[in-house]
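In what follows, a single structure is set out as C-alpha cells and then discussed.
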Amino acid sequence: MRKNKILCKSLKTVETLGAVSVICSDKTGTLTKNRMVVTDIYAAGEEYTPEAARDMMAVLRSENNVATLSKKREDIIDQVRILGGLCNSGEFDVATMHLPVSERRINGDATDQAVLRLSESLGSVAELRRDYKKVFEIAFNSKNKFMIRLMSPANQSTTSNNT
C-alpha cells in the first residue's frame, strides 16, 4: 500500500482492505479538492436551501413589522448561523477576507469550512466571535465523533462568588 501512496491510520484498516473487492469513491470534487458545501438546512422541522435562508434573513431584517411566523423562522436561521459560526474550528484566512465568501481560504477541515461559509453568508462570524467567548472545549476526535464547546456572552463574567 505504501508503494501506491496509500496512508492507513490503523492496522485494522489494512486488514479490512484485504477483504474488499470493490471501492466506490465520490468524484464530485469533495475528495479531490476537499471542498464541501452546505446544500440543505433542516432546522425546527423545516427545510431550507442556503440561498432561501440568506434571502429570508435579508428580507426579514429589512422589514419593520415582521409577522410572528416569519420572526420564528428568522430566529431559527439565526440560531443556525450562531451555532455554525461559534461551534466551529475553522478560521478564515485574513489575507482573503476581501474576497466573496465562496472564494475565501479557510483553515480547518472540509466540514468546518462548509459550515463556516454558510454561517458567514447569513451574517458576520467575526461579530459573533467578538460577542461570545469560549469558556470550555473538548476538541473533536475520531474516537468520540463529537466536540463540545461552551460559550458565554463576552460581557458576562464567568467567575462565581464562592467563599
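Points to keep in mind about this one:
- Table column - 3J(HN,Hα) (Hz), segment 92-104, Karplus curve with 6.51, -1.76, 1.60, x for Gly and Pro: 5, 6, 4, 5, 10, 5, 6, 7, x, 3, 5, 9, 6
- Backbone amide hydrogens, once placed in the peptide plane, bring residue 43 within less than 5 Å of 48, excluding anything fewer than 5 places away on its chain.
- Residues whose amide H falls under 5 Å from that of residue 151, counting only those 5 or more places apart or on a different chain, are 135, with hydrogens built in the peptide plane.
- Relative contact order for segment 79-163: 25 percent, from Cα pairs under 8 Å spaced at least 6 residues apart, divided by residue count.
- For segment 37-46, putting each phi into the Karplus relation 6.51 cos²θ - 1.76 cosθ + 1.60 with θ = phi - 60° gives couplings of 9, 7, 10, 8, 10, 10, 9, 6, x, 10 Hz, in residue order, rounded to whole numbers and with x for Gly and Pro.
- Efficiency of FRET between residue 89 and residue 5 - r from beta-carbon atoms, R0 25 angstrom, step 0.05: 0.35
- Cα gyration tensor shape for segment 93-163, rounded if a/c is under 1.5, else prolate or oblate: oblate
Values in this text are rule-based calculations from the coordinates and carry no lab data. The structure displayed is predicted, hence computed values, not measured ones. We place every Cβ from the backbone using ideal geometry, glycine too, and count neighbours over all the protein chains shown.
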